[in-house]
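Notes for the one structure printed next.
The values are calculated or read from the model by the stated rules, or taken from the named source; none is laboratory data. This structure is a prediction, so every number in the text was calculated from the model and none was measured. For neighbour counting, all protein chains shown are included, and Cβ atoms are generated from backbone atoms with ideal geometry for every residue, glycine included.
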Amino acid sequence: MESARLIAGLARMVRDVGLAEELAQDALVTALERWPEAGVPDNPGAWLMATAKRRAIDELRRSRRIERKHEELGHEIEARRAQDAPDLDAALDDDVGDDLLRLVFAACHPVLSTEARVALTLRLLGGLTTEEIARAFLVPEPTVAQRIVRAKRTLTEARVPFEVPRGAELAARLSSVLQVIYLIFNEGYSATAGDDWMRPALCEDALRLARILAELAPGEPEVHGLVALLEIQASRSGARVGPSGEPILLLEQDRSRWDQVQIRRGLAALARAEALGGARGPYALQAAIAACHARARAAEETDWPRIAALYAALAQITPSPIVELNRAVALSMAFGPAAGLEVLDTLTSEPSLAGYHLLPSVRGDLLAKLGRLDEARAELTHAASLTRNARERALLLERAAACARGSSPSEPS
């Protein structure tokens, strides 16, 4: 996550996203070479930024770029050296002139396609690999790689300013920015790959950006809807992982460990979205679904019929196979596994879900509840082969083994 801050700060200075990313990577490589011997500095972020700025000056000189920019960068480095490190760190983390937020809006400029905006911002600020982004979008990895390369080139050629837009321009770019933040949070909440079930740093950064947006656009209901959704989802973080890092699914979580402060913040944000007339917005609807879980003191008190109805409303305004998959889960909990399986069976031929592990995962759970254990075991084993998260794979194989023993696996998340 320090890389994202470096790229954002450097992009504002050099006005070139691709060059900023290269400079940040060079600084991180230098740290890997020097810190094992010299030790980690008291303020790693300030050290990395100063190193990256020096490399920026060298690059500008080699390229014979604007001489005035050399002097500005050089003077800034010298000025910062004279200050205490915490002052530099505070400047990098300033809420009013947030470099990360500037970079989000630059990457979401209308000169780029929506797909390119989201992919580029996830790569630069979310720290996601092209593989992780491809999986989030259910598209081939080479497609995402091409989008990112072309997006960087387009921003440079168009000389896009690195600033937070105002007025009508802010509203125009808001939708793609919200989508970016939402996907960054999702990757942190349920990591696509690796050995960890969650990547908390991504959740924290997404929440911070969402809260900043709410301050910048207080009259936009969907901004508050997104804040509500992320706050309520994040409130469960402490209960989603066991002592050994194993996943704990929603219905099995100790709800006393849910963060009540975050839940209250989330419910307050949802109330603001609804008061602004945004109750039917996609993020507000998802927040309302999360609120149903947050208000239930025990899993058995969950209002599943209302959740199913909210998913139906969401499907009307943002139809997608993923929404239908979630609606199937809600229907199964509200009206029985057969009702959910009926919806799932319509999704089995959906091309975009061909490699999506949650489809066979949910289908396996519902088949097990109906006593069709052999079919359930096959589906859960297939789901385990599709996921790239080690924790999730272990959980799915455990469920498959339960079916082989003749018992039903745990409830879906």
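Is there a residue being polar (S, T, N, Q), modelled with pLDDT of 90 or more and more than 24 Å from Val329 (Cα to Cα) anywhere in region 146-169?
Going through region 146-169, the residues polar (S, T, N, Q) turn out to be 146, 154, 156.
With the extra rule that they be modelled with pLDDT of 90 or more, the set shrinks to 146, 154.
With more than 24 Å from Val329 (Cα to Cα) added as a condition, the list becomes 146, 154.
Within region 146-169, one or more residues are polar (S, T, N, Q), modelled with pLDDT of 90 or more and more than 24 Å from Val329 (Cα to Cα).
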Assess whether Ala339 counts as being touching a residue at least 12 places away in the same chain (Cβ under 8 Å) and in contact with a helix residue (DSSP H, G or I) (Cβ under 8 Å, 6 or more places away or on another chain).
no
Tally up the residues in region 238-271 that are farther than 30 Å from Glu398 by Cα, surrounded by 19 or more Cβ atoms within 10 Å (Cβ to Cβ) and among the charged types (D, E, K, R), please.
1
Could you pull out the residue among Pro41, Pro36 that is surrounded by 11 or more Cβ atoms within 10 Å (Cβ to Cβ) and either out of contact with any helix residue (DSSP H, G or I) (no Cβ under 8 Å at 6 or more places or on another chain) or modelled with pLDDT of 85 or more (or both)?
Pro41
Can you name every residue in region 1-49 that is more than 29 Å from Val160 (Cα to Cα) and of a type in the set (A, V, I, L, M, F, W, C)?
Ala31, Leu32, Trp35, Ala38, Val40
Do you know which residues across region 278-302 are surrounded by 15 or more Cβ atoms within 10 Å (Cβ to Cβ) and charged (D, E, K, R)?
Arg280
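Condition check ((1) crowded, with 19+ Cβ neighbours inside 10 Å; (2) without any contact (Cβ under 8 Å) to a residue 12 or more places away in the chain; (3) in a helix (DSSP H, G or I); (4) of a type outside the set (A, V, I, L, M)) across all residues:
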| site | (1), (2), (3), (4) |
| --- | --- |
| Ala171 | no, no, yes, no |
| Glu187 | yes, no, yes, yes |
| Ala201 | no, no, yes, no |
| Ala206 | yes, no, yes, no |
| Leu209 | yes, no, yes, no |
